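Some notes on the structure that comes next.
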Amino acid sequence: MMKKISIGIALCLIIIAVAGYYILTQTLLKPKPVHYHAGFQVYVDDKLQDFSDFKYMHEKPCTLNGKPVDDHDDEQIEKAHLHDQIGDVVHVHRSGATWGDLFINLKYPLDEKQVVAYVHGVKVDNILKQTIKPYDSLVLFIGKHTDDKKYLEKAVTKDYIQKVEKKSEFCSS
């Protein structure tokens, strides 16, 4: 009889532990969804790279019937991605998403030692570890770059990002 009670108590404790874990992971530890945009450009040997190809796009919509769509299947892609074949505006859906997350998701490997980066025209070290902030404007140089100022003047602007937000098929703000 005592053995049955012990087994019953053990089962109850296991059920409570599993339920507690589920509640904890689905509420308290679940990443808080956010939704904002930033601009970026990458120059390799003074040539602007084009990220508007379909292979760089995230196909799932950010909103459906006016409500955020959360892709629980792939937390990494939800951090930072592109939509609508617009290759210079990143959509951020996780607090703490970094520029490194974006380039991981684009499958565009970067060596931190070989890049020179500017955010809003200010040189930044360790760009791949920097958090993407709303309306950031990143210009990244790889290889030779002869006239940083010329390219920085062509950086993605907040006005441009806001125009993209208004007409985005998948991910307006």
Query - Potential lengthening between LYS149 and GLN85 on full extension [0.36 nm per residue; Cα-Cα distance subtracted] - result: 20.3 nm
Query raised in the report: At a Förster distance of 25 Å, what's the computed FRET efficiency of LYS166 paired with ASP45, Cβ-Cβ distance as r, to 0.05?
Result: 0.15
Report summary line: Mean Cβ-within-10 Å packing, highest first, puts peptides 129-142, 42-55 in the order 129-142, 42-55
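No lab work stands behind these numbers, since they all come straight from the coordinates. It should be emphasised that the depicted structure is a prediction, and the values quoted were computed from it without experimental measurement. All Cβ positions, glycine included, derive from the backbone under ideal geometry; neighbour counts span all protein chains shown.
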